[in-house]
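As structure tokens, the structure follows; a few thoughts come after it.
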Amino acid sequence: MKTKILIVILSAAIIIGSVVVIPILMDEETTEEKKSSDEPIYPSLGNITSFDDAVNHLAFNMFRKIVNDPQNSGNCFYSPYSIFTALAMCYEGAEGNTAVEMKNVLGIEQDNESFQNYMKALYEYLNINEEYNISTANALWPDVGFNLLQEFTDTIETYYGGKATEVEYGDPTEAAEIINTWVEEQTNNLIKDLVPPSAIDPIWTKLILTNAIYFKGVWQIQFDEENTTEREFILPDGSTKQVETMKLVDTEDEFNYTETDDLQILELPYSGGDISMIIILPKDGVEIDDIINSITKEEYKERIDELTSNEADIYLPKYKVETSYGIGDYLIDLGMIDAFAADADFSGITGTRDLFIDKVLHKAFVEVNEEGTEAAAATAVIMALNAADPNQEPSRIIFDCNHPFIFTIHHKETGTILFMGEVMNPAE
């Protein structure tokens, strides 16, 4: 049994309909100069992998864990980016085998200046980008008088933009209200009650770290509301349901598209051109579960690289999905074992190695309609201290999402998956 524990909550509330991994911002270069430069915009992050590969690797691994969990029925939606970022901040303070296991799950080297600069550039980009309704903010909320290592707080402030504001955890209700109000303000009120008062122990809770980001994207080619009609959607059990379905048919608009023997894959770009939705639609007779359990980040990238412009008739149901997951067990299954054990080593946070991860919670929201997409996600890492053919003329495509499908929202330049979901019943 655990004896007295000091609970330290590291939470990342991330709201995005799409978020981006962006180039490192160079002080002496203008935007136009960067665009015309022959240098790679998105450098490799250390000798393990690039940031987008790391996020996408976690994306598919976590997606399988979520949808294959019998407790998670119906539609699925979550943010790989949110979970990755929350764990990356925690990873900044990991040591020893705890750090090794987190490196293997996250796919990034620790103390990697390129990665840290990625996070810094991302934070700056999201707050200056004028092409999207997007913003991000980070904050540290230590208990009054609770001291973190200066090196850790400097790292979080320098690369994640998180500044510290003391709160009094002796009053859990007031402390939760302060933090949750901040989260709601940063996320257009889409994420509420990220930290319930019951998660705060008036004696042992000492730190909450939050990251919030909000995005609302408008389709580059919008659906006309007048064309939205009730259409049949085939549910997983073979029954059907009438759902509101958007249509883009008989137009001369072209969309990036590819297909395999099992899948149709279509890209719907958002205005601004940097962010798009990728829809992965199983062909008739192909089980969506088989696709989920077999698709990898390598195959995903290969399919994206194959996209070519085609005219298409598109049928896409309107949908809104809200989800809540506890993902600690999934991370343990993926190999992040020591981080959840009493002998975990997070001495880079406070100077002691008594901290371990108690829970990882995740909430997400997405709404897709004729205008575009609004999405949100929140992650909370709760930590505790244990006192113990190109020449062929393209034919017209019929892309009819009248049965379960997978979708991602990704940054086009890097291919980084920011959100990922499965629509089993648009009417839920």
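The values are calculated or read from the model by the stated rules, or taken from the named source; none is laboratory data. Remember, it's a predicted structure, so these values are computed and weren't measured experimentally. In this analysis, Cβ positions are derived from the backbone assuming ideal geometry, glycine residues included, and neighbour counts consider all displayed protein chains.
Observations, loosely collected:
- ASN117 surrounded by 16 or more Cβ atoms within 10 Å (Cβ to Cβ), of a type in the set (S, T, N, Q), in contact with a Leu (Cβ under 8 Å, 6 or more places away or on another chain) and closer than 16 Å to ILE156 by Cα: no
- Candidates ILE279, ILE265 - the one that is part of a strand (DSSP E or B), within 19 Å of CYS76 (Cα to Cα), of a type outside the set (Ser, Thr, Tyr) and out of contact with any helix residue (DSSP H, G or I) (no Cβ under 8 Å at 6 or more places or on another chain): ILE279
- Failed item in (1) touching a Phe, Trp or Tyr at 6+ places or on another chain (Cβ under 8 Å); (2) of a type outside the set (A, V, I, L, M); (3) loosely packed, with under 14 Cβ neighbours inside 10 Å, with ASP154 passing the rest: (1)
- Residue match in region 399-413 (condition: assigned to a strand (DSSP E or B), in contact with a strand residue (DSSP E or B) (Cβ under 6 Å, 6 or more places away or on another chain) and assigned by TED's automatic domain parsing to the domain that holds LEU87): no
- Filtering region 223-236 to residues that are assigned to a strand (DSSP E or B) and among the acidic types (Asp, Glu) leaves GLU230, GLU232.
- VAL100 vs. criteria within 30 Å of ASN61 (Cα to Cα), at pLDDT 80 or above and surrounded by fewer than 21 Cβ atoms within 10 Å (Cβ to Cβ): yes
- Restricting attention to region 292-305, the residues that are loosely packed, with under 14 Cβ neighbours inside 10 Å and part of a loop (DSSP other than H, G, I, E, B) total 1.
- Residues of region 247-268 that are within 23 Å of ILE291 (Cβ to Cβ) and not hydrophobic (A, V, I, L, M, F, W, C): ASN256, TYR257, THR258, GLU259, THR260, ASP261, ASP262, GLN264, GLU267.
- Single residue of ILE279, ILE349, ILE327 found to be surrounded by 16 or more Cβ atoms within 10 Å (Cβ to Cβ), of a type in the set (Val, Ile, Thr) and more than 19 Å from the chain's Cα centre (by Cα): ILE349
- Residue satisfying condition, being outside any helix (DSSP H, G or I), farther than 21 Å from ALA364 by Cα and at pLDDT below 95, within set ASP313, ASP284, ASP289: ASP284
- Residue among ASP224, ASP289, ASP237, ASP261 that alone is of a type outside the set (Val, Ile, Thr) and surrounded by 14 or more Cβ atoms within 10 Å (Cβ to Cβ): ASP289
- Selection of first residues in region 129-155 that are hydroxyl-bearing (Ser, Thr, Tyr) and of second residues that are at pLDDT 85 or above and in a helix (DSSP H, G or I), restricted to Cβ pairs under 9 Å at least 6 apart or on distinct chains, gives the following pairs, ordered by first then second residue: THR155/MET89; THR155/GLN116; THR155/GLY348.
- Residue under evaluation PHE365, criteria (1) closer than 19 Å to ILE265 by Cβ; (2) modelled with pLDDT of 85 or more; (3) within 18 Å of the chain's Cα centre (by Cα), criterion not met: (1)
- Considering ALA339, ALA364, the condition of being outside any strand (DSSP E or B), of a type in the set (A, V, I, L, M) and not assigned by TED's automatic domain parsing to the domain that holds ILE409 is satisfied by ALA339 alone.
- Among residues of region 38-88, those that are modelled with pLDDT under 85, under 21 Å from GLU367 (Cα atoms) and not polar (S, T, N, Q), counted: 1
- Only one of the numbered conditions (1) assigned to a helix (DSSP H, G or I); (2) at positive phi is violated by ASP111, and that is (1).
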